[in-house]
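Visitor: Got a structure for you, questions after.
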Amino acid sequence: MKIDIITLFPDMFKGPFDMSMVWKAKDRGLVEINLRDLREFGLGPRRQVDDVPYGGGPGMVLKPEPVFAAVEAAKRENPSAKVIILTPSGNPYDQTQAEQFATQESLILICGHYEGFDERIASLADYQISIGDYILTGGELAAMVVVDSIVRLLPGVLGSDDSAIDETFTSGMLEYPHYTRPEEFRGMAVPDVLLSGHHGEIQRWRKDQAKIKTKKQRPDLLK
């Protein structure tokens, strides 16, 4: 998979993308991530990428020309790439969407900044997504979240392919509780069923616990 990220702050990605599962995926050649500095497509000697909004109002708005030029440059290398705009006004991002993105050969992510985008930039997008109902200073952190959620689903990235199947949200519920050694810690014991070796009973327990946990912490998912 190839992922292009259009951003004003490419250095923000160096830490998160140079460790853990994303680094492993890059090292194994399972994903190629290209950071495209939007400022390189800016206008004039000052590489301008934003301007004041028509009609007045606070803040600055990203201009269409640099963003269009950056996307077109990425598309020349990957013509079939799907374009994703990261914006608080986008559709809510979830595990189902991550799984869909993980099947694509190439993606282009556009990180917003300032007060927002010139609305004409939306015509570039195949998807507009939001990672939550809150505002960040820019789309870079959202892009990191999206890339991490996609890359971990690529075959060969996780230690076991079952890890990406048997987890929270994949089944429509929160994941069941997990335990490891020691058997007892500060008066809290591992449930007996997990020590029984009876796989059928363990599976039933896990299913029941997932329902209980979901009802308690995320009842909206049960609807």
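The values are calculated or read from the model by the stated rules, or taken from the named source; none is laboratory data. Model, not experiment: these values are computed from the prediction. We place every Cβ from the backbone using ideal geometry, glycine too, and count neighbours over all the protein chains shown. We work out accessible area using only protein heavy atoms, side chains counted, and drop any ligands, DNA or RNA first. Shrake-Rupley method; radii C 1.70, N 1.55, O 1.52, S 1.80 Å.
Visitor: Glu115 accessible area, nearest 10 Å², 1.4 Å probe?
Guide: Here the accessible area works out near 110 Å².
Visitor: Name the residue farthest towards the positive end of the dipole of segment 30-135 from the options Phe68, Pro45, Pro88, assuming +1 on Cβ of Lys and Arg, -1 on Cβ of Asp and Glu, about the Cα centre.
Guide: After comparing all options, I get Pro45.
Visitor: Net charge around Gly138, counting only other residues with Cβ within less than 14 Å of its Cβ (Lys, Arg = +1; Asp, Glu = -1)? Mind dumping the intermediate values first?
Guide: Details: positive: Arg39; negative: Asp11, Asp37, Asp50, Glu115, Glu140.
Result for the local shell: -4.
Visitor: Check cross-link reach from Lys63 to the lysines: straight Cα distance under 25 Å, and skip same-chain residues fewer than eight apart.
Guide: Within reach: Lys75, Lys82.
Visitor: Please identify the helices of the chain, taking whole runs of DSSP H, that span at least 15 Å along their own axis as judged from the Cα atoms and have a mean Kyte-Doolittle score of 1.0 or higher. Display every interim value, and only then the final one.
Guide: Numbers: long enough: 64-77 (20 Å, -0.26); 140-151 (16 Å, 1.90); 199-217 (26 Å, -2.13).
Helix filter hits for the chain: 140-151.
Visitor: May I ask you to work out the translational diffusion coefficient for the chain at 4 °C, viscosity 1.567 mPa s, via Stokes-Einstein with Rh from the Kirkwood sum over Cα pairs, reported in whole µm²/s?
Guide: The calculation lands on 65 µm²/s.
Visitor: Figure the gain on full extension for Glu119 and Trp23 (residue separation times 0.36 nm, minus the Cα-Cα span) and round it to one decimal in nm.
Guide: Taking 0.36 nm per residue and subtracting the Cα distance, the gain is 31.1 nm.
Visitor: Would you please give the FRET efficiency between Met60 and Glu105, computed as 1/(1 + (r/R0)^6) with r the Cβ-Cβ distance and R0 = 35 Å, to the nearest 0.05?
Guide: 0.50
Visitor: Under 5 Å between amide hydrogens, which residues at least 5 positions from Leu8 or on another chain qualify, with H placed 1.01 Å from N in the peptide plane?
Guide: Under 5 Å from the amide H of Leu8 lie the amide H atoms of Leu38, each far enough along the sequence or on another chain.
Visitor: Put +1 on the Cβ of each Lys and Arg and -1 on the Cβ of each Asp and Glu in the chain; which of Gln128, Met188, Pro58 then has its Cα farthest toward the positive end of the dipole?
Guide: Of Gln128, Met188, Pro58, it is Met188.
Visitor: Something else now. At R0 = 30 Å, how high is the FRET efficiency between Glu201 and Thr96 if r is their beta carbon distance? Nearest 0.05 is fine.
Guide: Computed FRET efficiency for Glu201 and Thr96 comes out at 0.50.
Visitor: GNM on the chain, C-alpha springs below 10 Å: top fluctuator among Arg186, Arg47, Arg36?
Guide: Arg186
Visitor: Would you grab the residues whose amide H sits under 5 Å from the one on Ser106? Only those 5+ places off in sequence or on another chain, please, with H modelled 1.01 Å from N.
Guide: Hits under the 5 Å cutoff: Lys2, Lys82.
Visitor: Moving on to the next point. With +1 on each Lys and Arg Cβ and -1 on each Asp and Glu Cβ, how big is the dipole of the chain about its Cα centre, in debye rounded to the nearest 20?
Guide: On the way: 26 positive and 33 negative charges, 64 e Å.
Using only the charged Cβ atoms, the result is roughly 300 debye.
Visitor: Given a Förster radius of 25 Å and the C-beta distance between Leu141 and Leu221 as r, what FRET efficiency does 1/(1 + (r/R0)^6) yield to the nearest 0.05?
Guide: Efficiency at R0 = 25 Å is approximately 0.55.
Visitor: Using a ≥ b ≥ c from the Cα gyration tensor of segment 108-153 (square roots of the eigenvalues), is it rounded, prolate or oblate, where a/c under 1.5 gives rounded and otherwise the larger of a/b and b/c decides, a/b for prolate?
Guide: Values: a/c = 2.23, a/b = 1.37, b/c = 1.63.
Here segment 108-153 falls in the oblate category.
Visitor: Moving on to the next point. With a/c under 1.5 counting as rounded, go ahead and sort segment 28-136 into rounded, prolate or oblate using the C-alpha gyration tensor (a ≥ b ≥ c being the square roots of the eigenvalues; past the cut-off, prolate if a/b is larger than b/c, else oblate). Walk me through the intermediate numbers first.
Guide: Numbers: a/c = 2.27, a/b = 1.31, b/c = 1.73.
Note, shape of segment 28-136 comes out oblate.
Visitor: Among Tyr54, Tyr93, what's the order by accessible area (1.4 angstrom probe), most exposed first?
Guide: Details: Tyr54 220, Tyr93 40 Å².
The ranking, largest first, comes out as Tyr54, Tyr93.
Visitor: Mind running the shape call on segment 67-119? Use the C-alpha gyration tensor, a ≥ b ≥ c as the square roots of the eigenvalues: rounded below 1.5 for a/c, prolate if a/b tops b/c, oblate otherwise. Please report the intermediate quantities before stating the final value.
Guide: Numbers: a/c = 3.20, a/b = 1.03, b/c = 3.11.
Since a/c reaches 1.5 but b/c is at least a/b, the shape of segment 67-119 is classed as oblate.
Visitor: List the aspartates and glutamates whose Cα lies under 14 Å from the Cα of Lys2, skipping any in the same chain that are fewer than 8 positions away.
Guide: Straight-distance partners of Lys2: Asp27, Glu32, Glu77, Glu105, Asp148.
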